[in-house]
Amino acid sequence: MAKILMVLYPDPVDGFPPKYIRDSIPTIDSYPGGSSTPTPSGIDFTPGEMVACVSGALGLKKWAADNGHELIVTSDKEGENSEFEKYLPEADVVISQPFWPAYLGKDRLEKAKNLKLAITAGVGSDHVDLTEAMKRNITVAEVTYSNSISVAEHAAMTILNLVRNFVPAHRIVTDEKGWNIADAVKWSYDLEGMDVGVIAAGRIGRALLKRMKPFDVNLHYYDLYRLDPQTEKELGATYHESVEDLMRSVDVVSIHSPLTSDTYHMVDEKMINSMRRGSYIVNTARAEIVVRDDIVKALESGQLGGYGGDVWYPQPPAEDHPWRTMPRNAMTPHTSGSSLSAQTRYAAGTREILEDFFAGRQLRDSYIIVQGGALAGTGAKSYTTDGKASPGSTGK
Ligand code: NAD
């Protein structure tokens, strides 16, 4: 019997379960490239149900009970007196989501004497100090690809939203009960013909390039690794050897790299000032890839045309976080990868990881970030380690 400590976001304020506006979601069996969506032995929820909040428990309550595991589910994750810290010393497995991350920095990992497996129900394990996890031989796994398309859709939406000036126009009719067309269109442009780039052409970056192509834009990308010629040709995207070169060549950039010590604060004032005036930045990767106050300053000065995305630091952000009120923002809470469609996949993938782990089977290679004291699987391809603590793992 194992103790599984799961940190999920709070239930909807109007109660659980919510009233759904649709009755079903499409069945997705495979990801681009052909690998299958999660294959647990079964699931105990209906696809499309809310499973990612506390009462949903990722649909794992019955499975845990049937298998004799103790499942502790909480949203209380901040500070030494939180439920999370209370149960952490006994936990064999910790599960948390990037949307409501249970930060696992060095201090907390020191307390987690029994911890063998940290699962990210979603994608992006920067809330775990990967260097420390390696030292302690803790396996870190995530549900790779489960929400990549969900995020790419959100990024595409945010690009259009910013370029077409959607939020201010929407506010004119809803909040202001107005109809001033000139005010609504004074910052509204067509995306057609613009230079649109991505920082990192991994699963999400490539999916976004593919989705942007029909808008008749000029596509660009920067990544540590160049795409194979066939993929590059299909996408019609120009490769840039450096992030600096990409940034000065585009009107819109969307960030899709992981947060590592290389990408931490990569987009700063100097880089923003090298962009064309009125450029747009979309960030659905991790907030700490950009310098918070440099974004605010560039929006206020007009150097940036807009900034949008769903990632903040820490999460949840303070009430007075400047991104809540900065001009021309299209920010949401961290939702892009937690649509009901995405939840279905990452809840099933979490169960697949748990089943394999407890049966002593090797996890899917693509799910592994850290194993056997080293980066492995997807972790070896997407993360770098320089022996320092992972940025973004303390929540401070
Ligand atoms: P992926 O592993 O498929 O791709 C990551 C890409 O980043 C790889 O191509 C890698 O070569 C590249 N990369 C790594 N370091 C780089 C650097 N220093 N400069 C440029 N490129 C670099 O990952 P993915 O599924 O596309 O996800 C990317 C990131 O998006 C995740 O790490 C996560 O932080 C974030 N994410 C956010 C959400 C959300 O809900 N907002 C959901 C999923 C993932």
Legend entry - Neighbours by Cβ (under 6 Å, 6+ apart or cross-chain): first from region 370-396, outside the structural domain of Ala200 (by the TED database) and within 16 Å of Tyr145 (Cα to Cα); second away from the ligand (no atom under 12 Å from the Cβ) and not hydrophobic (A, V, I, L, M, F, W, C): Gly377/Asp365
Inset, instruction - Would you list the helices (runs of 4 or more DSSP H) that sit entirely within region 197-249 and hold 1 or more residues that are among the hydroxyl-bearing types (Ser, Thr, Tyr) and surrounded by fewer than 21 Cβ atoms within 10 Å (Cβ to Cβ)? - result: 229-235
Inset, instruction - Could you list all residues from region 180-221 that are within 16 Å of the ligand (Cβ to nearest atom) and charged (D, E, K, R)? - result: Arg203, Arg206, Lys210, Arg211
Legend entry - Unique residue being of a type outside the set (D, E, K, R), more than 16 Å from the ligand (Cβ to nearest atom) and either closer than 18 Å to Tyr145 by Cα or surrounded by fewer than 21 Cβ atoms within 10 Å (Cβ to Cβ) (or both) when the list is Met326, Met266: Met326
Legend entry - Top-ranked residue in region 115-142 [being more than 12 Å from the ligand (Cβ to nearest atom) and out of contact with any Leu (no Cβ under 9 Å at 6 or more places or on another chain); ranked as farthest from Thr378 (Cα to Cα)]: Lys116
Inset, instruction - Name every residue in region 153-179 that is under 18 Å from Pro327 (Cβ atoms) and either of a type in the set (S, T, N, Q) or part of a loop (DSSP other than H, G, I, E, B) (or both), in order of residue number. - result: Thr158, Asn161, Arg164, Asn165, Asp175, Glu176
Inset, instruction - Filter region 89-98 for residues that are in contact with a helix residue (DSSP H, G or I) (Cβ under 8 Å, 6 or more places away or on another chain) and surrounded by fewer than 21 Cβ atoms within 10 Å (Cβ to Cβ) and give the result. - result: Pro89
Inset, instruction - Search region 145-169 for residues that are at positive phi and at pLDDT 95 or above and pair each with any residue that is assigned to a loop (DSSP other than H, G, I, E, B) and away from the ligand (no atom under 13 Å from the Cβ) when their beta-carbon atoms are under 9 Å apart and the residues are at least 6 apart or on different chains. - result: Tyr145/Thr37; Asn165/Lys186; Asn165/Trp187; Asn165/Ser188; Asn165/Tyr189; Asn165/Arg328
Inset, instruction - Could you tell me which residue of region 339-385 is nearest to Ser35 (Cα to Cα), considering only residues that are among the charged types (D, E, K, R) and within 12 Å of the ligand (Cβ to nearest atom)? - result: Arg345
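Rundown of residues vs (1) under 30 Å from Tyr225 (Cα atoms); (2) among the hydrophobic types (A, V, I, L, M, F, W, C); (3) in a helix (DSSP H, G or I), yes/no style:
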{"position": "Glu300", "(1), (2), (3)": "no, no, yes"}
{"position": "Gly305", "(1), (2), (3)": "yes, no, no"}
{"position": "Pro327", "(1), (2), (3)": "no, no, no"}
{"position": "Arg345", "(1), (2), (3)": "yes, no, yes"}
{"position": "Leu354", "(1), (2), (3)": "no, yes, yes"}
Legend entry - Unmet requirement for Thr394, which otherwise passes all of (1) over 22 Å from Tyr313 (Cα atoms); (2) at pLDDT below 95: (1)
Inset, instruction - Run Met275 past the list (1) in a loop (DSSP other than H, G, I, E, B); (2) within 13 Å of the ligand (Cβ to nearest atom); (3) touching a helix residue (DSSP H, G or I) at 6+ places or on another chain (Cβ under 9 Å) and report the number of the one that doesn't hold. - result: (2)
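The values are calculated or read from the model by the stated rules, or taken from the named source; none is laboratory data. Computed from a prediction, not measured in an experiment: that's the story for all the values here. Glycine gets a Cβ as well: all are built from the backbone with ideal geometry, and neighbour counts include every protein chain shown.
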